[in-house]
Amino acid sequence: MAEQNVITSLLDDLAQEQPIKTALCVGQNIARFETTQPIYWQYFNVSDLLSLPFTQRYDLGFVVLNVESITECTAEQKSQVLVKLRDLFVKKLIVICELDDQKLLRSLGFTQMLGQYAELGQKMMLWQFNILTYKHVPDWFNSRFWANPENWDKFRW
């Protein structure tokens with residue numbers, strides 16, 4: 001019951017940031033969780049997702065790494081699933097994982113949303129990848145430092 005409340009409130013918060021019309025989930029079918037707005041969910045297991053051709057981009061991806069079907073996968077398969085989702089299929093990716101997977105997620109560019117919370121005796125973490133907030137654009141990365149219009153008539157480069 002606590003898991004349902006956490007996921008439902010998380011989905012509602014994400015929908016306020018950015019509208020979510022389509023979503024996919026891997027590991028656990030969470031389409032049963034009701035939110036304030038209707039979301040079209042698609043569920044995939046690991047083998048189906050790895051062989052799935054790119055046909056559409058979803059608004060949200062949700063991966064639960066602590067389910068039995070994914071814990072049996074190798075670290076390479078976990079990485080392939082997360083990279084395929086991150087790069088091709090979703091705009092925003094949410095991952096629920098155990099403490100053991102934090103090194104993999106950090107190396108793939110994920111940021112931690114929620115620290116450890118105990119659920120049924122397991123310590124879980126919540127991670128996200130959003131391409132819109134992935135990298136902060138530095139101040140020096142603009143045309144003000146490239147063009148030098150004050151030198152156009154003075155020097156020939």
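Hey, does the stretch 73-92 have a residue that's surrounded by 21 or more Cβ atoms within 10 Å (Cβ to Cβ) and more than 17 Å from GLY109 (Cβ to Cβ)? No: the stretch 73-92 contains no residue that is surrounded by 21 or more Cβ atoms within 10 Å (Cβ to Cβ) and more than 17 Å from GLY109 (Cβ to Cβ).
Can we say LYS103 is within 16 Å of the chain's Cα centre (by Cα), more than 21 Å from THR133 (Cα to Cα), modelled with pLDDT of 85 or more and outside any strand (DSSP E or B)? Taking the combined requirement at face value, the residue does not satisfy it. With respect to the conditions (1) at pLDDT 85 or above; (2) of a type in the set (Ser, Thr, Tyr); (3) within 16 Å of ILE94 (Cα to Cα), SER51 lacks only one, and its number is (3). Mind listing just one residue for me: the one in the stretch 112-125 that is in contact with a Phe, Trp or Tyr (Cβ under 7 Å, 6 or more places away or on another chain) and under 22 Å from HIS136 (Cα atoms) and, of those, modelled with the highest pLDDT? Ranking the candidates gives GLN112 first.
Scanning the stretch 8-29 for residues that are β-branched (Val, Ile, Thr) and either surrounded by fewer than 20 Cβ atoms within 10 Å (Cβ to Cβ) or farther than 15 Å from ASN66 by Cβ (or both), we see that the one that is modelled with the lowest pLDDT is THR8. Listed by first and then second residue, the pairs with beta-carbon distance under 7 Å, at least 6 apart or on different chains, first residue in the stretch 8-24 and closer than 17 Å to VAL95 by Cβ, second aromatic (Phe, Trp, Tyr) and at pLDDT below 80, are LEU11/PHE33.
The values are calculated or read from the model by the stated rules, or taken from the named source; none is laboratory data. Quick caveat, the model's predicted, so the values are computed rather than measured. When we count neighbours, we look across all protein chains shown, and the Cβ atoms used for this are built from the backbone with ideal geometry, even at glycine.
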